[in-house]
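Enquirer: Submitted below is the structure of interest, expressed as structure tokens.
The values are calculated or read from the model by the stated rules, or taken from the named source; none is laboratory data. Here the structure is a predicted model, which is why all the values come from computation and not from measurement. Using ideal geometry, Cβ is built from the backbone for each residue, glycine included, and neighbour counts are taken over all protein chains shown.
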Amino acid sequence: MTESVTQQLLYFIAGCTTGGILIGIITVVLRLLGVIRIQPLHNGVAAGISKQERFVTNPFWLLLFAVLEEAFARAFLIGWVGHYTGMVIAFAISAVVFAVLHIPNGRPTVISMLNLGLVTIVFGLVYLQFGLVAAIGVHYGWNLMQWPILGYPMYGRQVGRWLSTRATGPEWVSGGEFGPEYSVVASVLLGICIVVLFLFA
């Protein structure tokens, strides 16, 4: 039992690290392309951040959201539904549902919808290969690095706590006011992740 808990904890830590590194790579590329500007927040929190925005970007709640989304979109829609529909259909259902759930967060674009589909495949493959805890970790690390730590806008709202990362280039590259999930750079990186996960499956 202790070994199993330890193993799951390691999967979670590895997942968090991976998710954070992925956002870090995107950030480095965007910075090298000169399409974002990163600045420290002198007061420790983005100006004008509401209580609701502070709430949804609290690390604890981000973890809870990651747990709930992965339990539904991956463990249920891919893990359980997949037994009856096959993996291809289950992944398609998961991608559509995941995209629909995120549409209210901001103005959808072709790139953002593509990235939601790609991230569904990445998280789904992580779930199938390493388990639910690892998928939760990747999802959590991705969100934690993106919003509270690096301070990318959360679907048009500034929510950074230590840094503020703003777009200075075209939206299709920088992600604009909606952050890296709206960037073609994320599309390329997620595509590479899918290839790597398939190769090492």
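Enquirer: For the list (1) in contact with a helix residue (DSSP H, G or I) (Cβ under 7 Å, 6 or more places away or on another chain); (2) among the basic types (Lys, Arg); (3) surrounded by fewer than 19 Cβ atoms within 10 Å (Cβ to Cβ), I need the number of the one condition that residue 74 fails.
Expert: (3)
Enquirer: Please verify whether the stretch 56-71 includes one or more residues that are of a type in the set (Ser, Thr, Tyr) and in contact with a helix residue (DSSP H, G or I) (Cβ under 8 Å, 6 or more places away or on another chain).
Expert: Taking every residue of the stretch 56-71 in turn, at least one turns out to be of a type in the set (Ser, Thr, Tyr) and in contact with a helix residue (DSSP H, G or I) (Cβ under 8 Å, 6 or more places away or on another chain).
Enquirer: Right, next: If a residue must be farther than 18 Å from residue 11 by Cα and either assigned to a helix (DSSP H, G or I) or touching a Gly at 6+ places or on another chain (Cβ under 8 Å) (or both), how many such residues does the stretch 108-144 contain?
Expert: Selection size over the stretch 108-144: 12.
Enquirer: While we're here: What pairs can you find where one residue is in the stretch 85-114 and at pLDDT below 90, the other is outside any helix (DSSP H, G or I), and their Cβ atoms are less than 6 Å apart, with a gap of 6+ or different chains?
Expert: 105/155; 106/155; 106/156
Enquirer: Can you pull out the residues in the stretch 39-84 that are closer than 16 Å to residue 149 by Cβ, aliphatic (A, V, I, L, M) and either in a helix (DSSP H, G or I) or modelled with pLDDT of 95 or more (or both)?
Expert: Passing the criteria: 56, 62, 63, 66.
Enquirer: For the subset of the stretch 161-201 comprising residues that are in a loop (DSSP other than H, G, I, E, B) and more than 29 Å from residue 127 (Cα to Cα), which member is modelled with the lowest pLDDT?
Expert: Among those that are in a loop (DSSP other than H, G, I, E, B) and more than 29 Å from residue 127 (Cα to Cα), it is 161.
Enquirer: Let me ask something else. I'd like the full set of residues that are small (Gly, Ala, Ser) and within 13 Å of the chain's Cα centre (by Cα), limited to the stretch 102-116.
Expert: 112
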